[in-house]
Amino acid sequence: MHFNILTIFPEMFPGTLGGGVVGRALSGGIWSYDAINLRDFGIGNYKAVDDEQFGGGAGQVMLPEVIANALGSLKNPGKIIYFSPRGKLLSQKMAREFANAESSVTLLCGRYEGIDQRVIDEYGIEEISIGDYILSGGEIAAQVFIDSCIRLLDNVVGGGQQSVGQESFEIGGLEWPLYTRPSVWRGRNVPEVLLSGHHGNIERWRKSQSDEITKERRPDLLKSYKG
Ligand code: SAH
């Protein structure tokens, strides 16, 4: 999988994506990226990438021509995504769809108040949000998006597809409680069933814990999985 990342802060990449399993997959060639500096496509002597917004109001808007020129420089843009609080909320299902279907994706990281609407319309850009809060820029959102896709590719996470398929959201709800050694810690015991070696009982216990936690914390997930 290849990502073209359009940003005024290319030095922010790979950032968190350089560590752990995703970082290993990057050096192993399972995925790659180009961080393209929008400033290189800036306009005039000062290489401007933004201007004041029409209609007044605080905050600058990114210039459409700068983004268009950067997009025009790409050999294989693939699907173009703009990270924005107005976008469709990123989900595990979306990450899986991208990981399965897309080999090249272009990620546009906004700054200031965002980008000129016409560039979104002109290129049919898809908008994705990573949650109902405001970030200072799309770079963290891009890293969240890339991480969520890459860990689903083959040979990235230890334990493979079985391991990534057993996580919250993939199992129709939230994960059950996890325990490791020692079996007694500060007087607290690991649930007996997990030490029993009885796989059927362990699976039933995990399923019932997962159902209970999901019902209590995220009943919306149960509804959406039934519907
Ligand atoms: N004026 C915008 C917020 C701009 S924040 C509004 O009110 O909706 C600046 C940039 O950060 C955005 O262009 C976007 O690329 C990024 N960003 C901020 N919050 C985000 C979120 N929740 N999800 C994805 N990207 C976000």
Calculated from backbone phi, Karplus (6.51, -1.76, 1.60) coupling profile of the range 183-190 in Hz, x at Gly/Pro = 6, 10, 9, 6, x, 9, 8, 6
Antiparallel bridges, percent of DSSP beta bridges restricted to the chain (to nearest 5) = 20
message = Need the C-alpha centroid separation for the range 127-154 versus the range 50-90, integer Å.
response = 16
request  = Please report, in debye to the nearest 20, how large the charge dipole of the range 47-119 is about its Cα centre when each Lys and Arg carries +1 at its beta carbon and each Asp and Glu carries -1 there.
outcome  = 400
query = Carbon and sulfur together cover what percent of the accessible area of the range 1-46 at a 1.4 Å probe radius?
reply = 53
FRET efficiency, Glu113 to Thr16 (Cβ-Cβ, R0 30 Å, nearest 0.05) = 0.75
Dipole magnitude (debye, nearest 20) for the chain, charges at Cβ of Lys, Arg, Asp, Glu = 1040
Highest-fluctuation residue, Arg151, Arg118, Arg181 considered, GNM on the chain with Cα pairs under 10 Å = Arg181
task = Take a quick pass over the chain and tell me how many lysine pairs come in under 26 angstrom between Cα atoms, counting only ones 8 or more apart or on separate chains.
result = 15
note = Taking alpha-carbon centroids only, the range 31-49 lies from the range 163-203 a number of Å equal to 48
ask   = Counting only protein heavy atoms, what percent of the accessible surface of the range 175-226 is carbon or sulfur at a 1.4 Å probe?
value = 50
remark   = Given Cβ charges of +1 for Lys and Arg and -1 for Asp and Glu, the option among Ser84, Asn100, Ile140 whose Cα lies farthest towards the positive end of the dipole of the chain is Asn100
inquiry  = Could you work out [θ]222 nm for the chain from helices alone, using -39500 (n - 2.57) per DSSP H run of at least four and dividing by all its residues? Round to the nearest 500 deg cm²/dmol.
reply    = -10000 deg cm²/dmol
remark   = Heavy-atom accessible area per residue of the range 1-155, all protein chains kept, 1.4 Å probe, expressed in Å², is 52
task = Place a +1 charge on the Cβ of each Lys and Arg in the range 1-88 and a -1 charge on the Cβ of each Asp and Glu, then give the dipole magnitude about the Cα centre in debye, rounded to the nearest 20.
result = 420
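The values are calculated or read from the model by the stated rules, or taken from the named source; none is laboratory data. Owing to the predicted nature of the structure, the values given are computational and were not obtained by experimental measurement. Backbone-built Cβ (ideal geometry, glycine too); neighbour counts: all protein chains shown. To get the accessible areas, we keep the full protein, side chains included, count just its heavy atoms, and leave off ligands, DNA and RNA. Shrake-Rupley method; radii C 1.70, N 1.55, O 1.52, S 1.80 Å.
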